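Scroll down for the structure; my scribbles are underneath it.
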Amino acid sequence: MKKSKLAIAIINVIFLTTIPALVLHEPTSVSAATVKGFVKTKKNKKVRLYKLSGKHSNYYASPKSQYPYSSKKKIGKKRLTAYKIGNNSHWLLAKDAKVIKTIKPNVNVQATMKLPAGYTRAELLQAYQGNPSKEFINASMSGMNTNDFSRIKNGETKADDQTIIDLSQLTPEQTDTLTTFSLRLINQARNNLGLDPWRDSIGVRKLAQDIATEYAVNKKTIRDSHYVPGIVRACKANGLDLNDNYVEDMAGFYNQNNTITMTELKKSVYFGLKQMMFGYTGSGEQGRKQRSNYQEWEHAGDLFNTQDSLYDGDYNYYGFSISHTDDICSMHFISVPTYIAKNKKYNTGFKP
């Protein structure tokens with residue numbers, strides 16, 4: 001069936017991490033990697049700081065400040081318990097200190113996508129046809145809430161946290177990572193409905209990249225909805241005789257810089273997928289509890305091959321790509337239905 005022409009709402013994802021500055025009458029700093037927590041003075045007055053030897057230093061801790069500490073140990077001959085609060089061996093005695101925050105280590109987690117109870121193919125078909133039940137909207141709201149990888153700080157791997165991506169020119173390895181990531185999530189959800197998994201496809205990966213190129217060259221984004229002329233050109237160039245959009249679902253987000261970490265990008269891909277699966281048309285996570293934001297399941301019908309057609313329950317061949325224009329990142333979820341790939345009328349040379 002023809003893909004939805006409704007563009008998914010553009011989302012704005014911002015990830016900011018700040019570490020409070022440490023000031024001891026002179027600029028000093030603590031490496032973020034060594035910070036274990038924060039302390040401040042117990043009393044509302046300045047407190048003398050110590051050296052590792054246990055002797056007084058020439059500095060004081062201010063009652064108006066909180067300080068990151070990187071170590072807690074016994075210092076000097078008297079073995080006084082103290083917190084190290086600078087790179088210059090400034091120590092605040094434990095008897096004078098109050099711990100105000102402990103930083104938990106960043107634990108990597110694997111993103112998963114699970115459909116909640118009440119999200120069935122029968123209910124989805126009714127929603128796809130424009131008449132979602134109250135129970136199905138409730139299930140979709142639950143799905144937006146419980147699938148939380150896009151909201152948490154944790155990434156899948158430390159390497160993802162450190163990998164910087166140029167959105168205008170992803171490497172083949174980066175595209176491969178995102179294709180595998182998004183397909184894994186789609187198939188986890190499809191498995192919940194008892195559907196066969198979509199297939200990773202070299203042919204559709206190339207088609208996806210050609211479609212992204214069409215968007216970029218012609219300066220089109222998700223804001224313009226599906227760029228059908230470019231999709232048709234890319235399909236024909238790849239051996240698919242199609243005259244409309246039968247292959248693309250799309251989501252997107254604003255990003256004022258060309259660069260983003262792999263962790264941040266995966267979270268955007270994740271959010272875009274759950275937007276489509278759960279019919280959510282709001283901008284960002286903050287509106288997920290508003291029922292009025294749940295109103296479009298045409299993309300879900302595509303992702304779950306549930307459109308009241310002869311081909312319901314089939315699987316598709318899959319590829320993924322990204323285009324970045326005018327601070328908007330468009331994510332192209334490209335799939336070729338098996339009935340098209342197997343039909344000589346439409347397939348004039350395409351190889352999955």
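The values are calculated or read from the model by the stated rules, or taken from the named source; none is laboratory data. Because the structure is a prediction, the values reported are computed rather than measured. When we count neighbours, we look across all protein chains shown, and the Cβ atoms used for this are built from the backbone with ideal geometry, even at glycine. Note: areas computed on protein heavy atoms with side chains; ligands, DNA, RNA excluded. Shrake-Rupley method; radii C 1.70, N 1.55, O 1.52, S 1.80 Å.
Carbon-plus-sulfur accessible fraction, the chain (probe radius 1.4 Å, protein heavy atoms only): 49%. Amide H contacts of T81: I75, A94, each under 5 Å away and 5 or more positions distant or on a separate chain (H built 1.01 Å from N in the peptide plane; Pro and chain starts excluded). Average accessible surface for the range 195-352: 38 Å² per residue, computed with a 1.4 Å probe over protein heavy atoms with every protein chain in place. Rounded, prolate or oblate: pick one for the range 145-218, where a ≥ b ≥ c are the square roots of the eigenvalues of its C-alpha gyration tensor, a/c under 1.5 means rounded, and failing that, prolate if a/b is larger than b/c, else oblate. It is oblate, given that a/c is not under 1.5 and a/b is not larger than b/c.
Between the helical axis of 134-146 and the dominant principal axis of the chain, each derived from Cα atoms, what acute angle in degrees is found, rounded to the nearest 10? Long axis of 134-146 versus the principal axis of the chain: about 40 degrees. In this structure the amide hydrogen of D241, modeled in the peptide plane, comes within under 5 Å of the amide hydrogens of N347, T348, none closer than 5 places in sequence on its chain.
Axis angle, to the nearest 10 degrees, between helix 202-217 and the longest C-alpha principal axis of the chain: 80 degrees. In the chain, the longest principal axis of the Cα atoms and the axis of helix 172-192 are about 70 degrees apart.
What lysines could a cross-link reach from K344, if we take a straight Cα to Cα line under 27 Å and drop same-chain neighbours fewer than 8 places away? List returned: K2, K3, K5, K206, K236.
The trypsin sites (Lys or Arg not before Pro) found in the range 105-162 that occupy coil by DSSP, while having at most 15 further C-beta atoms within 10 Å, are K114, R151, K153.
Exceeding 23 Å between C-alpha atoms, which entries from my cross-link table qualify? They are K42/K84; K114/K267; K84/K158; K51/K98; K40/K73. Violating the 23 Å limit, Cα to Cα: K84/K158. The alpha carbon convex hull volume per residue for the range 63-176 rounds to 265 Å³. Calculated [222 nm] ellipticity per residue, helices only, for the chain: -8500 deg cm²/dmol; basis is -39500 (n - 2.57) per DSSP H run with n ≥ 4, divided by all residues, nearest 500. Across the range 90-149, the fraction of Cα-Cα pairs farther apart than 15 Å, rounded to a whole number, is 67%. A Stokes-Einstein calculation at 4 °C with viscosity 1.567 mPa s, built on the Kirkwood radius of the chain over Cα pairs, returns a diffusion coefficient of 56 µm²/s. 3J(HN,Hα) couplings calculated from phi for the range 307-322 with the Karplus curve 6.51 cos²θ - 1.76 cosθ + 1.60 (θ = phi - 60°) are, in sequence order, 9, 6, 10, 5, 10, 4, x, 5, 10, 10, 8, 10, x, 9, 8, 9 Hz; Gly and Pro show x.
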